[in-house]
Amino acid sequence: MAIRILADEVVSQIAAGEVIERPASVVKELIENAIDAGASAIMIRTEEAGKRIIEIIDNGCGIQSDELEKAVMRHATSKLTNAEDLFHIHTLGFRGEALAAAGSVSRMRITTCTAEGNNGYSITVDGGKITGIHQTGTKQGTIVQVTDLFYNVPARLKFLKSDVTERNQIEILISRYALAYPNIRWQSTHDGKPGIRTTGNADYREVLTAIYGVDIAKKLIEIDLKEEGISVFGFISPVALTRSNRREMNFFVNGRWIQDVQLNSAIIRAYQSLIMVGRYPIAALFISMDPEEVDVNVHPSKAEVRFRSPDKVFGIVHRAVRRSLIFQSPVPEIHSNAQWPGWHAPANPQSNDNELTTVVDNPAEGIPVAFWRTELPQNQIPPNNSIPAGSSSAILQPQSNFQTAPINPGFPILRWIGQIGGTYVIAEGPDGLYLIDQHAAHERILFEKLMGQVDSRIASQSLLEPAIVQVSAWQTSLLEENMDILTRLGFRIELFGPATYRILSIPEIFTKGNPAAAVRSIVEDFEEDETPLQSEIEKRIAGRICKSMAVKAGQPLSEEEQRGLIRDLENCQSPRTCPHGRPTMIHLSIHLLERQFGRKGTI
């Protein structure tokens with residue numbers, strides 16, 4: 001269709017003009033133009049997170065040479081003719097502002113050729129002013145190159161985030177459009193490094209694999225429901241696969257990515273009572289409906305829409321998700337290991353059963369108290385405190401002539417009792433009962449062992465078979481940025497393909513853990529409060545790795561593993577909290593227990 005300048009009455013009804021806020025804003029507008037042009041292949045190239053170069057290449061219909069000058073003017077579009085068209089829009093763009101807005105804050109070159117044209121044409125725009133139009137050789141399609149973004153608006157350039165953040169915003173944006181249009185072949189490159197790659201064969205699972213990796217893509221549940229003229233199709237995660245925020249809940253209405261509070265609420269309610277509070281699913285839902293039932297002319301960025309019947313849309317989305325969860329969600333898998341990384345049973349366990357671990361002063365009786373690892377009743381303890389071999393658990397035994405300094409003066413001396421719920425190790429101390437969170441405690445142990453070796457050289461163990469880890473395309477820059485720290489922490493990792501890495505070596509203390517999970521923890525969302533480690537990147541990364549490698553709640557531990565956990569915790573400098581500030585234990589004092597049992601009044 002011919003490009004025309006919109007009439008004033010139409011312009012007045014269009015929402016506030018487009019604002020180019022960051023490089024991702026430019027990429028979004030240019031991608032939408034390429035899709036509207038019928039492209040079957042779109043290439044995106046950026047340098048310096050889009051601040052220096054943004055280049056979009058498509059094989060769409062191109063722009064007629066006599067309309068090229070109009071294309072960079074405000075409110076010039078081929079998608080609207082009158083105000084009524086605003087209520088049945090079938091295209092992503094319609095305001096005619098994208099190229100004009102991008103050209104006003106950059107140096108822009110557009111090279112294009114139509115199927116009928118024998119030659120291509122190129123137009124250059126500098127700060128909103130056309131500086132030249134000339135004939136050139138090119139194939140069908142359009143190449144838009146935006147350079148020196150915000151060179152004439154330094155204030156906006158100053159407020160951009162770091163290159164990693166801006167690059168991630170671009171890659172997340174591309175991934176959303178790749179999901180919405182799996183029939184288009186997508187290819188992105190950032191500073192010469194590959195990003196998202198798809199084949200354009202309309203296979204949603206393939207696109208999901210390119211975005212999330214094979215492990216997550218194969219677990220996602222497909223949903224498909226049609227009711228009352230509304231179709232809901234897409235993919236959701238099973239209840240065992242969640243995130244700590246809503247970032248990966250994506251909605252597309254008639255091919256347009258949108259943000260909608262009600263749709264978010266519909267999914268969250270569908271998962272209600274199935275996942276923990278504060279956790280959110282992964283979702284990619286494609287909603288198709290009559291364009292007249294949705295108003296897209298609501299927000300300048302076109303990211304918000306208004307439904308004519310919002311309650312109906314809410315109900316259909318909720319039912320589609322809930323039904324699929326109930327009928328298709330798999331039973332969560334449980335992985336249990338006999339041992340965990342960072343601790344090894346002693347070569348002769350019984351030899352440790354006879355050792356005196358430490359001595360403290362009993363505040364009640366004023367005499368030193370020692371913890372012996374033995375099951376002998378008190379009346380059978382041999383003279384001269386000689387404990388026979390073969391003992392296994394611990395009792396509290398006074399020793400009047402023996403004193404030893406505690407391993408950690410600020411840590412209570414503990415006698416192992418057992419494990420409860422596969423999560424908490426029970427121990428007795430000099431003044432009551434202690435419940436130790438095995439995950440938090442082991443996380444602290446691993447963290448201090450790892451950081452204690454950093455100043456020297458962390459011992460690494462080469463893997464017999466390299467572990468392969470695939471991350472999301474937008475996470476590669478995060479991983480690359482922290483690669484030096486991972487090397488310093490004892491990992492040896494190399495690129496093995498687009499968004500794929502091969503782990504060759506890991507720290508020795510993690511040899512029984514999952515290397516891929518440790519590396520993913522660097523770039524995936526994190527549910528813990530990282531404030532205690534916020535100012536130290538190396539410690540923050542080490543804390544994430546240790547959390548992923550630590551023994552999990554619900555994992556049964558052998559007696560020796562529980563004893564080893566207590567002994568290792570005693571050796572820690574800060575044994576009372578995990579690296580993220582969560583307590584490793586709680587204390588139930590003798591006084592509290594006596595009050596609970598009515599020995600000293602009621603609580």
### Query
If you take just the helices (runs of 4 or more DSSP H) that sit entirely in segment 404-523, which of them hold at least 2 residues that are without any contact (Cβ under 8 Å) to a residue 12 or more places away in the chain?
483-488
### Task
Kindly list the number of the only condition in (1) within 20 Å of GLU561 (Cβ to Cβ); (2) at pLDDT 85 or above that fails for SER391.
(2)
### Query
Scanning for something in contact with a Phe, Trp or Tyr (Cβ under 7 Å, 6 or more places away or on another chain), outside the structural domain of GLY103 (by TED's automatic domain parsing) and among the hydrophobic types (A, V, I, L, M, F, W, C), does segment 198-214 turn up at least one residue?
yes
### Task
Go through the residues of segment 480-496 one by one and say whether even a single one is of a type outside the set (Asp, Glu), in the same structural domain as GLN555 (by TED's automatic domain parsing) and more than 30 Å from GLN573 (Cβ to Cβ).
yes
### Query
Does at least one position in segment 73-92 carry a residue that is under 30 Å from SER472 (Cβ atoms), hydroxyl-bearing (Ser, Thr, Tyr), at pLDDT 85 or above and surrounded by 15 or more Cβ atoms within 10 Å (Cβ to Cβ)?
no
## Note on the structure
In segment 221-249, anything touching a Ser or Thr at 6+ places or on another chain (Cβ under 9 Å) and under 21 Å from THR476 (Cβ atoms) is listed as ARG243, GLU248
#### Entry: Subset of segment 440-485 [of a type in the set (Lys, Arg) and either at pLDDT below 85 or in contact with a strand residue (DSSP E or B) (Cβ under 6 Å, 6 or more places away or on another chain) (or both)]
ARG457
### Query
Which one is nearest to ASP295 (Cα to Cα) among residues in segment 219-254 that are modelled with pLDDT of 90 or more and not in a strand (DSSP E or B)?
ASN254
### Task
Answer yes if at least one residue in segment 13-28 is at pLDDT below 90, surrounded by fewer than 22 Cβ atoms within 10 Å (Cβ to Cβ) and under 29 Å from the mean Cα position of the chain (by Cα), and no otherwise.
yes
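Would you check if GLY601 is modelled with pLDDT under 90, exposed (fewer than 14 other Cβ atoms within 10 Å of the Cβ) and under 18 Å from GLU481 (Cα atoms)?
On the way: modelled with pLDDT under 90: yes; exposed (fewer than 14 other Cβ atoms within 10 Å of the Cβ): yes; under 18 Å from GLU481 (Cα atoms): no.
When the stated conditions are applied, GLY601 does not pass them.
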### Query
So VAL261 clears everything in (1) touching a residue at least 12 places away in the same chain (Cβ under 8 Å); (2) closer than 26 Å to GLU29 by Cα except one condition, right? Which one?
(1)
### Query
Is it true that TYR181 is touching a Leu at 6+ places or on another chain (Cβ under 8 Å), among the hydroxyl-bearing types (Ser, Thr, Tyr) and either touching a residue at least 24 places away in the same chain (Cβ under 8 Å) or closer than 30 Å to GLU67 by Cβ (or both)?
no
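The values are calculated or read from the model by the stated rules, or taken from the named source; none is laboratory data. Owing to the predicted nature of the structure, the values given are computational and were not obtained by experimental measurement. FYI the Cβ positions are ideal-geometry reconstructions off the backbone, even for glycines, and counts take in every protein chain you see.
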